Amino acid sequence: MSAQQADAFWMRQALALAEFAQSQGEVPVGAVLVQGGQRIACGWNRVITDRDPSAHAEVVALRAGAQVLNNYRLLDTTLYVTLEPCPMCAGALVHARVSRVVFAAADPRAGACGSLFNLCRSPLLNHQLQLTGGVLAEESRALLQGFFNVRR
């Protein structure tokens, strides 16, 4: 499987998690944490369910991954997420030493991986991540737009 095919494969899993989040009344964002070609953890938005402002899909996946690896440093991992990480999530990704982030839709309002600024690539921090954006972006964007159209 090529790198592009692998990115699409894992992003489809993240999109399925985003759909599950939507079914729970959450903003439809899903995340999958991969190491060595294996899924080690996943997450979906749980802010409303958990009454926790930090329970974004990325943070939920990072917490689960840390438990699986028995370490907060998630070295040699890739996080696939359906929406560009916000500043809180980008900071957590840097702190966890994730190697790469692949996101679907850009977030022009809160994106911290290139849309508003790029926390994940900042030379001011002690770790920089590889970034790939736009993988299955249309599917993610459609899911998010559909969710917010119903809410408004």
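The values are calculated or read from the model by the stated rules, or taken from the named source; none is laboratory data. From a predicted model like this one, the values you see are computed outputs, not experimental measurements. Quick reminder, even Gly has a Cβ in these numbers, built from the backbone with ideal geometry, and neighbours come from all protein chains shown. Side chains are part of the model used for accessible areas, which takes the heavy atoms of the whole protein and leaves out ligands, DNA and RNA. Shrake-Rupley method; radii C 1.70, N 1.55, O 1.52, S 1.80 Å.
The residue pairs whose first member lies in the range 127-152 and is in contact (Cβ under 8 Å) with a residue 12 or more places away in the chain, whose second member is among the acidic types (D, E), and whose beta carbons are closer than 8 Å, counting only pairs six or more residues apart or on different chains, are T132/D7; G133/E84; V135/D7; L143/E19. For the range 15-28, residues that are touching a Phe, Trp or Tyr at 6+ places or on another chain (Cβ under 7 Å) and in contact (Cβ under 8 Å) with a residue 40 or more places away in the chain total 5. Screening R46, R12 for residues that are closer than 19 Å to F103 by Cα, open to solvent by 40 Å² or more (accessible area, probe 1.4 Å) and in contact (Cβ under 8 Å) with a residue 60 or more places away in the chain leaves exactly one candidate, R12. When L116, L83 are checked against the criterion of being modelled with pLDDT under 95 and open to solvent by 30 Å² or more (accessible area, probe 1.4 Å), a single residue qualifies: L116. With respect to E58, determine if the residue is of a type in the set (D, E), surrounded by 15 or more Cβ atoms within 10 Å (Cβ to Cβ), under 17 Å from F148 (Cα atoms) and without any contact (Cβ under 8 Å) to a residue 40 or more places away in the chain. No; evaluated as a whole, the condition is false for this residue.
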